1. Pairs please, first residue from the range 71-88 and more than 22 Å from residue 38 (Cβ to Cβ) and touching a residue at least 60 places away in the same chain (Cβ under 8 Å), second anywhere and buried (at least 16 other Cβ atoms within 10 Å of the Cβ) and of a type outside the set (Lys, Arg), Cβ atoms under 6 Å, 6+ apart in sequence or on different chains.
2. Out of the range 24-44, which residues are farther than 17 Å from residue 108 by Cα, open to solvent by 40 Å² or more (accessible area, probe 1.4 Å) and touching a residue at least 12 places away in the same chain (Cβ under 8 Å)?
3. Could you say whether any residue in the range 123-143 is part of a loop (DSSP other than H, G, I, E, B), touching a strand residue (DSSP E or B) at 6+ places or on another chain (Cβ under 8 Å) and on the phi < 0 side of the Ramachandran plot?
4. Does residue 53 fit the bill of being in a loop (DSSP other than H, G, I, E, B), open to solvent by 50 Å² or more (accessible area, probe 1.4 Å) and either aliphatic (A, V, I, L, M) or modelled with pLDDT of 90 or more (or both)?
5. Can you confirm whether residue 222 is modelled with pLDDT of 65 or more, touching a His at 6+ places or on another chain (Cβ under 7 Å) and over 23 Å from residue 289 (Cα atoms)?
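The values are calculated or read from the model by the stated rules, or taken from the named source; none is laboratory data. All figures in this text were calculated on a predicted structure; none of them were measured in a lab. We place every Cβ from the backbone using ideal geometry, glycine too, and count neighbours over all the protein chains shown. For the accessible areas, the whole protein counts, side chains as well, though only heavy atoms, and no ligand, DNA or RNA atoms are used. Shrake-Rupley method; radii C 1.70, N 1.55, O 1.52, S 1.80 Å.
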Amino acid sequence: VLQGYAAEMDNPLMAHLISPELQNKKDILFGNMEEIYHFHNRIFLRELETYIEYPELVGRCFLDQMEDFQIYEKYCQNKPRSESLWRQFSDSVFFQECQRKLDHKLSLDSYLLKPVQRITKYQLLLKEMLKYSKNCEGAEDLQEALTSILGILKAVNDSMHQIAITGYDGNLNELGKLLMQGSFNVWTDHKKGHTKVKDLARFKPMQRHLFLHEKAVLFCKKREENGEGYEKAPSYSYKHSLNMAAVGITENVKGDAKKFEIWYNAREEVYIIQAPTPEVKATWVNEIRKVLT
């Protein structure tokens, strides 16, 4: 892909086949695929090869290189831009010519998906290895590597949702790390009104997608898009946010194990939040508690 497509975009002999709108868009189309390629070629593959005789110790490779795996997050974040560019130019003569020269059965977009598939495959491979390495000396490293890769997958997944937020006028990066995101039922109660929380429970909840950052929690409304591939991906229109410095939490709401409360400015605003399951609630409550302490 890097030689047969990306490099060809800079080849003067191919220039006449490239439409002007596609020129200078190489970085958008291929993202940081070259960086991923070099990481595997120069570093990760060599490390893996040193464990050919001791596959059960391969967890070490992952742990030593865990920071480098974050290059996949960058790739996945760029993927929607890359896909929309590809859709505009997929029938371009340039791509057809490259594909013909490479004698590829599949078109470029199938290959651009590979890094996304690769990063999701590692956890399956590590799980499988763990199954057969229960009492080996490398088992702990394999377990730790699996946990770390799952952490990276979660970060990739979260960031894919985060880049779909629309209508937030600040800079999301200033809110600190994105810790959690997910969909909830939300009831609100504001001091300004006279409703008691118990009356509120009768009203229909709002569907909200919450993004918990270190410094703020964002409430968004999910909009499903029509279209294919990444265009089908939902977008989240920003509604409001709460500064974590003024947030309090009530872990248990009577009568429902899936509900908890977030309140603001000494209960001036109260949000009753219902998670899809008690487990999801527990994870969120723990994360929020960590931020608050």
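1. 80/230; 83/230; 85/29
2. Residues satisfying the conditions are 35, 43.
3. Scanning the range 123-143, I find no residue that is part of a loop (DSSP other than H, G, I, E, B), touching a strand residue (DSSP E or B) at 6+ places or on another chain (Cβ under 8 Å) and on the phi < 0 side of the Ramachandran plot, so the answer is no.
4. Yes; evaluated as a whole, the condition is true for this residue.
5. Criteria met by residue 222.
Yes/no matrix, rows are residues, columns are (1) charged (D, E, K, R); (2) at pLDDT 95 or above:
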position	(1), (2)
228	yes, no
233	no, no
246	no, no
264	no, no
281	yes, yes
286	no, yes
